[in-house]
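A.B. asks: I have a structure I would like to understand better, so I am pasting it below and will then ask my questions one at a time.
The values are calculated or read from the model by the stated rules, or taken from the named source; none is laboratory data. Computed from a predicted model, the values in this text were never measured in an experiment. Note: ideal-geometry Cβ built from the backbone for every residue, glycine included; neighbour counts use all protein chains shown.
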Amino acid sequence: MSDHHSSGPAESAFDDVARGVARFRGEVFPRQKSLYQRLIRDGQKPRALMISCADSRVIPELITQSHPGELFVCRNAGNIVPPYAQMNGGVSSAIEYAVLALGVRDIVICGHSDCGAMAALLKPDVLDSMPNVAAWLRHSAAAERIVDRSLPPTAPPAERHRLLALENVIAQLNNLRTHPSVAAAMADGGLALHGWFFELEHGRVLAYDGETGRFVPMQEGAPPPVAVAARAVHPVESARAAAE
Ligand SMILES: [Zn+2]
């Protein structure tokens, strides 16, 4: 008890977090004070909702070089979006709020390399002691099944892991489209979906191109590939045309 300040490794690491808070307030915040004041006065108008993994190495604001007010972020283990109506929770609420209240016009699902959640899916015994994680990762079952079908059992584990993480991004994009707020905004032509994959080892972001079905590196100066484009559909008109 007496020497609890002489700190094990965990304690000293957290001391650094507290120092960071002090440095933010003393050095960073003064430079951004007018930005915060404007964001309080005018409210936030983020340019996108980003759903990424909670992994400490995947930082949406850092990867996209975004400032306060620019990105509405929802992070969870495995960058998962439960299908609508299956689970009323934080992810569904963040989506609904971002689309209906904030009017975001782009949603990004961002997976990444070396993802622990995807690794756990490949080693189910790891999940025996974590029933909540196991239940949560069942939302990735479609990706798991696709990988099982596309790779032989002899495929190298690293290849299986990477493919699963990529397929998981696509599976979560499909889940995202089951949310009524998302489906309606897309039908109005006011919302596009993006699937990204952050490569930790290269600091590179791949984006899913829905037209070609491939993940391609994002290029500077070019608009990022879109997984599902905002496209106005007019079912009433098309239904009428079909009936004629
Ligand atoms: Zn992860």
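A.B. asks: What are the residues in segment 187-202 that are modelled with pLDDT under 95 and either among the aliphatic types (A, V, I, L, M) or touching a strand residue (DSSP E or B) at 6+ places or on another chain (Cβ under 7 Å) (or both), if any?
C.D. replies: Kept after step one, since they are modelled with pLDDT under 95, are these residues of segment 187-202: 187-190.
Passing the criteria: only 187.
A.B. asks: List the residue pairs whose Cβ atoms are under 6 Å apart, where the first residue sits in segment 158-170 and is of a type in the set (Gly, Ala, Ser), the second is within 11 Å of the ligand (Cβ to nearest atom) and modelled with pLDDT of 95 or more, and the two are 6 or more positions apart or on different chains.
C.D. replies: From residues that are of a type in the set (Gly, Ala, Ser), the pairs are 165/111; 165/115; 165/118.
Conditions tested, residue by residue: (1) under 18 Å from residue 213 (Cα atoms); (2) away from the ligand (no atom under 16 Å from the Cβ); (3) surrounded by fewer than 19 Cβ atoms within 10 Å (Cβ to Cβ); (4) outside the structural domain of residue 189 (by TED's automatic domain parsing).
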residue	(1), (2), (3), (4)
91	no, no, no, no
127	no, no, yes, no
131	no, yes, yes, no
149	yes, yes, yes, no
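A.B. asks: Please indicate, with yes or no, whether at least one residue in segment 67-85 is within 12 Å of the ligand (Cβ to nearest atom) and acidic (Asp, Glu).
C.D. replies: No, segment 67-85 has no match at all.
A.B. asks: Could I ask something else about it? Mind counting the residues in segment 19-70 that are among the charged types (D, E, K, R) and in a helix (DSSP H, G or I)? Give the derivation first.
C.D. replies: So in segment 19-70, the residues among the charged types (D, E, K, R) come out as 19, 23, 25, 27, 31, 33, 38, 41-42, 45, 47, 55, 57, 61, 70.
Then drop every residue that is not in a helix (DSSP H, G or I), which leaves 19, 23, 25, 27, 31, 33, 38, 41-42, 61.
The qualifying residues number 10.
A.B. asks: Residue 36 passes all but one of (1) more than 30 Å from residue 167 (Cβ to Cβ); (2) loosely packed, with under 10 Cβ neighbours inside 10 Å; which number fails?
C.D. replies: For residue 36, the exception is condition (2).
A.B. asks: Let me ask you something else. Which one of 228, 236, 205, 169 is surrounded by 17 or more Cβ atoms within 10 Å (Cβ to Cβ) and at pLDDT below 95?
C.D. replies: Unique residue meeting the criteria: 228.
A.B. asks: Are there any pairs, at least 6 apart or on different chains, whose C-beta atoms fall under 9 Å, with the first in segment 103-117 and in the same structural domain as residue 195 (by TED's automatic domain parsing) and the second of a type in the set (D, E, K, R) and within 9 Å of the ligand (Cβ to nearest atom), and if so, which?
C.D. replies: Close Cβ pairs satisfying both conditions: 112/55; 112/57; 114/55; 114/57; 115/55; 116/55; 117/55.
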